[in-house]
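No lab work stands behind these numbers, since they all come straight from the coordinates. As the structure is a prediction and not an experimental result, all values here were calculated from the model. Glycine gets a Cβ as well: all are built from the backbone with ideal geometry, and neighbour counts include every protein chain shown.
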């Protein structure tokens, strides 16, 4: 069942927060921290950071905005962050430090989530969730009151690598025990949650909490050696565990809290939704002069199909696909495509799998058509709730 995002004209500021590498099935700790809202089981437009954020900031799929790697120039004119008075740069090129360094609501302002924590997170069994909360970072949060739109990037879950000895990483296990990696991921999840708890407490202390809209999303997930592809840790192939992310709109002004697993909201839907909310509230935001490929989630009812680009797609032409709430169509290479059935949560007894291969020629052909449209033509990728009998007839299926 579709759940639409509420609209409230008392909203005074919007805080957009990326939780890097946040898988959908691990979103519940954040639901416990944030105020009421709508939590979508969503789809990211890319399984790596710069391209995923470019889609968030523009409301466009990667083939339209043209940002495939750090340093790529956005092909259009306006984005979420450059279209308001509250931020200075679009932050989707390597000149935009706000994308990768934390908070950049204006010049020379940075809020780095990792600075809230002790110096190391390692492979030990110790508890590393203490939050010192230094005053200098509280001071940065206090600057929220000076801006209508704020962007934060939480990198704490990102530090899960196959082989990395840095202070904020652990070495992922390659022995075939998925529980080890999920356990380590949950430890880092606790660190991230503690930072968000302190962040929200500081915003409340400042008296800026009640009239704020929090937009929280995962730019992509984390593989953690999940089958069937089994890529280790920070994978960039669009398997379910990396492509499926939470997308949330939360505010103390909203009356209810809900979880929507059927709409399949996408990163490209965030900007048009924010624009609608801002236009009816006290949040100045210029109208962005291009047509969105995303939809406004304050009024949309139905199911969406989302395009996801993998890390190798721009160079190889494969490793991407489209997905609805229940199925995914992926292009593994020029000769092989897959139709997958997806799960809303993993089964530890089944190797934490989130997807399995299925054989449905009709549905595969339909998703293949959507896949070609988003790669080559303009399309909003709206997945029809009723069968498209005209198209099925033309394809010889009826």
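Quick notes
- Each label was represented as a point 7 Å from its Cα along the Cα-to-Cβ direction; for residue 343 and residue 369 these points are 3.2 nm apart.
- Label point 7 Å beyond Cα of residue 179 along Cβ direction - residues of the range 318-355 with amide nitrogen under 17 Å: 346-353
- Ranked list, fewest to most other Cβ atoms within 10 Å of each Cβ, for 24, 155: 155, 24
- Potential lengthening of the chain between residue 312 and residue 36 amounts to 95.6 nm, from the contour at 0.36 nm per residue minus the alpha-carbon distance.
- As a proxy for reagent exposure, 1, 206, 285 were ordered by neighbouring Cβ count within 10 angstrom, fewest first; the result is 1, 206, 285.
- Residues 250, 21, sorted so that the one with the fewest Cβ neighbours within 10 Å comes first: 250, 21
- Additional length obtainable on full extension of the chain from residue 350 to residue 259, 0.36 nm per residue less Cα span: 30.3 nm
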